[in-house]
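What follows is calculated from the coordinates using simple rules that are stated; it is not laboratory data. From a predicted model like this one, the values you see are computed outputs, not experimental measurements. Please note: Cβ atoms are built from the backbone with ideal geometry, for glycine as well, and neighbour counts cover all protein chains shown.
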Amino acid sequence: MRLSTKSRFAVTAMIDIAIQGNAGPISLADIGMRHKISVSYLEQLFSRLRQSGLVESTRGPGGGYSLSRASESISVADIIGAIEAHADKPGKEEKVFQEQQGSGEWMTQELWATLNAKMVEHMQSISLRHLASEQRAKGVKIEVRQAKRGVYTAPKPKPACTTAPNSVFALGRSLLGSR
């Protein structure tokens, strides 16, 4: 399992949704603003998270992403696995090295396989709910935002209150009365 910037951003965004999630779907623009991540980059990540069944999307005004299942049933390994699914295939350098070695056995292959297994086991033991509760304990604020659902009604303008005369005759009376 690879740990990359994509994985780190995906875990950060999922923690954000877990923290803010009770307020309804969270837009990628909101996540991007809070964590300084570009929206187009988040769209790529959330496409993979949605395909893996970790998040669900809501379209329209007030739409965004929410967790598709309870946060205690989503582990860090699930998130990273969804993002790095394509990275499990051997890369070009690994293929060349394996062809040169003949049997493909590396001298330290067992060491790396054991280390990878321990890392995956540890990440499976960390739930999204646990990470979100740690962030709340550190004082991360939950944003209260107004729902954007429904039809927007413009505020009614207040009637203009002036002391100026409202007709030519009133203007004439006000000018004659001041003499």
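Data for the structure
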read-out: The stretch 1-89: trypsin sites (Lys or Arg not before Pro) falling in loop per DSSP and having at most 11 other Cβ within 10 Å; value: Lys36, Arg59
read-out: Share of pairwise Cα separations in the stretch 1-65, more than 15 Å, in percent; value: 48 percent
read-out: Interchain or long-range residues, amide H under 5 Å from Ile74's placed H; value: Leu128, Arg129
read-out: Among 125-133, 164-172, the order from most to least packed when residues are scored by Cβ within 10 Å on average; value: 125-133, 164-172
read-out: Amide hydrogen neighbours beyond the local backbone of Ile26, cut-off 5 Å, H modeled; value: Tyr65, Ser66
